[in-house]
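Undergrad: One structure follows; several queries about it will come next.
Laboratory data are not the source of any read-out in this text; all were calculated from the coordinates shown. The structure displayed is predicted, hence computed values, not measured ones. Don't worry about glycine lacking a Cβ; one is built from the backbone with ideal geometry, like all the others, and counts go over all protein chains shown.
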Amino acid sequence: MKTLEIKLAYRIILVLVAILAILSIIRGLIIEVEIKELYNQVSELRRHIMVVRMAVPSLRNLAEKCGIYIGVAVERSLLDISDYAYTVKQEFNILTTENALKFGLVHPELDVYSFDDADHIVSFAESNGMKVRGHTLVWHQQLPTWITQGRYTREELMNILREHIMTVVGRYRGRIYAWDVVNEAINDDGTLRDTIWLRTIGPEYIELAFRWAHEADPQALLFYNDYGAEGLNTKSNAVYNLVKSLIEKGVPIHGVGLQMHISLENPPNPQEVAANIRRLNELGLEVHITEMDVRIRMPARWDDLIRQAEIYREIIKVCLSAKNCKAFVMWGFTDRYSWIPSHFSGYGAALIFDESYRPKPAYYYIAAAFIEHLTKDNKD
Ligand code: XIL
């Protein structure tokens, strides 16, 4: 009797287990179907977003109509990431080599040049109809140790610099649109920065660099590039005086780069930037905004992003209304890859796309400024 009961209990348990197993299989199948459906919906949505994005003109499209270049600094390794490369091609028509052409990277040993990264960036730009800004020939940072620890005489260092400039500029002759020949040579108080170039060669290193760059590529536009000299201040006065004296000496210089690394808390005054660009125009010089980013103290709130968008808009408007402002370049485009968090502790979110390549308010404010400029021009 007892064994019969046990057998029956076993059977019931078996049946229950079987039912549970069947139910969970059915449930699994339903979930699978639901996931597939959700996946289809997401893909459909992504397709719609793509279609809408394609219908809105890209920044490069708008910039071309306005007669200026819009671009970003790029790293060679990031061009292998498809979202990154896609956005670069879609949105911009000028690229700056963020690090690839800096002295220490391109010329790591006395007899060694390493052009792979820069070659790749230049070819990428060419095959996508973009210009290139070469950055940078003479700077006090990112120098190789064979330079910083070399103990060269004036003659030796002059020969080294000449050979460097002739080789690097010469390699890209006719292919690099503009060079930042000398970068950050002036202090905030307007004096020349104490660098290995100034100490060893003397202040003439600046004009020599321009002359050699011109010799290596007579077509390239040659720029002096600096930060903190955007508005009207001691430093921008010193930049103005330096480039004026170079022009008076017949040195081949064609423009000034305003880096525009700024923070939400103290952006330069747009009227002052306009006045600064105007006085450079009177010298016959072009201006490029060369490295713009607007860093925000993290975490960034929505109203910070709107304020940031307004600052980007102010600067693009100043550039659009100045005849000699020909390029607007940002120091990257996605917050996923920006130098800000590692160089300014507590800051981030400085660029116009978020970390997932979604346009931020600044993107739309820049686009709107272009459209406003175009419609205003049509009215005139
Ligand atoms: C920065 C790069 O973005 C970083 O990747 C690198 O570690 C340091 O240099 N002014 C310039 C640029 O002229 O070359 C600098 O680029 C940013 C400040």
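Undergrad: If the cut-off is a Cα-Cα distance under 16 Å, which aspartates and glutamates reach K235, setting aside same-chain residues fewer than 8 apart in sequence?
TA: Within reach: E184, D188, D189, D194, D226, E272.
Undergrad: What value, in deg cm²/dmol to 500, does the helix sum -39500 (n - 2.57) over DSSP H runs of n ≥ 4 give at 222 nm once divided by the residues of the chain?
TA: Mean residue ellipticity, 222 nm, calculated: -17000 deg cm²/dmol.
Undergrad: Could you put I196, I315, I296 in order, starting from the residue whose Cβ has the fewest other Cβ atoms within 10 Å?
TA: Ascending Cβ contact count within 10 Å gives the list I196, I296, I315.
Undergrad: Say the cut-off is 19 Å between C-alpha atoms; which of K102/K244; K65/K89; K65/K323; K65/K376; K65/K326; K323/K360 go over it?
TA: K102/K244; K323/K360
Undergrad: Of all DSSP beta bridges located in the chain, what percent are antiparallel, nearest 5?
TA: 10
Undergrad: Using each residue's phi in the range 245-256, evaluate 6.51 cos²θ - 1.76 cosθ + 1.60 at θ = phi - 60° and report the 3J(HN,Hα) Karplus result to the nearest Hz, with x for Gly and Pro.
TA: Here the 3J(HN,Hα) series is 5, 5, 4, 4, 8, x, 6, x, 10, 10, x, 10 Hz.
Undergrad: Highest GNM mean-square fluctuation, the chain, Cα pairs closer than 10 Å: which of I366, I22, I176?
TA: I22
Undergrad: Enter the angle in degrees (range 0 to 90, nearest 10) between the Cα long axis of helix 302-320 and the first principal axis of the Cα atoms of the chain, meaning the one along which they spread out most.
TA: So the helix axis and the longest Cα principal axis differ by about 40 degrees.
Undergrad: Can you give the FRET efficiency for S127 and V56, using 1/(1 + (r/R0)^6), R0 = 35 Å, r = Cβ-Cβ distance, to the nearest 0.05?
TA: The computed FRET efficiency comes out at 0.90.
Undergrad: Net charge near N187: determine it from the other residues with C-beta under 13 Å of the C-beta of N187, scoring Lys and Arg +1 and Asp and Glu -1.
TA: In short, -3.
Undergrad: Let me ask you something else. Return the loop-located trypsin sites (Lys or Arg not before Pro) in the range 221-270 (DSSP other than H, G, I, E, B) with at most 14 other Cβ atoms within 10 Å of their own Cβ; answer none if there are none. Walk me through the numbers on the way to the answer.
TA: Numbers: sites: K235, K244, K249; in loops: K249.
Filter output for the range 221-270: K249.
Undergrad: Let me ask something else about it. Roughly what angle does helix 154-171 make with the longest principal axis of the chain, taking Cα atoms, 0 to 90 degrees, to the nearest 10?
TA: For 154-171 against the chain, the angle is about 50 degrees.
Undergrad: Run through the range 224-289 and list the GluC sites (Glu not before Pro) located in a DSSP loop whose Cβ has at most 13 other Cβ atoms within 10 Å.
TA: Here the GluC sites (Glu not before Pro) that fit, given the DSSP loop and packing criteria, are E265.
Undergrad: No partner Cβ under 4.7 angstrom, meaning no disulfide-compatible partner by this rule: which Cys of the chain qualify?
TA: Lacking a cysteine Cβ partner under 4.7 Å: C66.
Undergrad: Could you list which residues have their amide H under 5 Å from that of G332, counting only those 5 or more apart in sequence or on another chain, with H placed in the peptide plane?
TA: The answer is A73.
Undergrad: While we're here: Which of L143, L23, L198 ends up with the largest GNM mean-square fluctuation for the chain, with Cα atoms connected below 10 Å?
TA: L23
Undergrad: Show the residues, 5+ positions off or on another chain, whose built amide H is closer than 5 Å to the amide H of V132.
TA: For V132, whose amide H was placed from the backbone, the distant partners under 5 Å are L95, Y177, A178.
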